Amino acid sequence: MNRLRPQNIKQMIFDGEGMLVDFKKTITSCSKIAKTLVAFANNKGGKLLIGIADNGSVKGVRSEDEEKYMITKAATYFCRPMVDVQFEEVYVENKLVLVADVRESDTKPHYSLGEDNKWWVYVRVKDKSLLASKIVVDVLKASQGEAGVLIEYSDKERTLLQYLDANERISARDSSKLLNLPRRRTQKLLVTLVLSGIIKLHTTETEEYYTAS
């Protein structure tokens, strides 16, 4: 891992939080930070900057050992499978910033233990760690397999692709209505088409939808 310099951190702060960067003034809850860790691991990876307030001001950490302990505990006991985290310490404005680097995982999906004592999958969308839908979880699971996806075009697939050829997007619920299929069969069809690269899955804070690739 290339060592970060103060100017690297300042540039991240200037760019703001996003899909690959998250600010934390301090770590106060293992269950909360576990959501961010698994969201990064389930996506393209990312960096936690500890000692940085939400507004981007550099506060620094009082005890990097305590922060490392909390993150390591979260990664080990509040993430399943555990998430690998690499640490780096960088002084910015004479204050110590702890960087926790999470790489994209090759054992997706990762689950985090919630305050309800249940395991949930999270994904990174812009600057948020969002709860993954059943379809997203299925895509993450299936994408780890080495076997290719066999597509057999039935009338259902053709109907959906014809709809997307004429329309910009469609939701899973509308797909179920369009194809006159139960929810589970619709989800399976959508997952197969996403994995094959024929359609794209889009997740936002408020909705989930599909478009033609």
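From the list 20, 96, 37, exactly one residue is under 21 Å from the mean Cα position of the chain (by Cα), over 21 Å from residue 119 (Cβ atoms) and of a type in the set (A, V, I, L, M). Which is it? Give the derivation first.
Working: 96 fails: under 21 Å from the mean Cα position of the chain (by Cα); 37 fails: over 21 Å from residue 119 (Cβ atoms).
The conditions single out 20.
Filter region 38-62 down to the residues that are in contact with a Ser or Thr (Cβ under 9 Å, 6 or more places away or on another chain) and hydrophobic (A, V, I, L, M, F, W, C), then identify the one that is farthest from residue 83 (Cα to Cα).
61
Can you give me the number of residues within region 58-83 that are in contact (Cβ under 8 Å) with a residue 40 or more places away in the chain and open to solvent by 20 Å² or more (accessible area, probe 1.4 Å)?
Count: 4.
Can you tell which of 73, 35, 68 is outside any loop (DSSP other than H, G, I, E, B), modelled with pLDDT of 95 or more and touching a Ser or Thr at 6+ places or on another chain (Cβ under 6 Å)?
35
Please work out which residue is least open to solvent (accessible area, probe 1.4 Å), limiting yourself to region 43-55 and to residues that are at pLDDT below 95 and either among the small types (Gly, Ala, Ser) or within 15 Å of residue 103 (Cα to Cα) (or both).
Filtering first and then ranking leaves 43.
The values are calculated or read from the model by the stated rules, or taken from the named source; none is laboratory data. All values reported here derive from a predicted model rather than from experimental measurement. Methodologically, a virtual Cβ is constructed for each residue, glycine included, from the backbone with ideal geometry; neighbour enumeration extends over all protein chains shown. Side chains included, ligands, DNA and RNA excluded: accessible areas come from the protein's heavy atoms. Shrake-Rupley method; radii C 1.70, N 1.55, O 1.52, S 1.80 Å.
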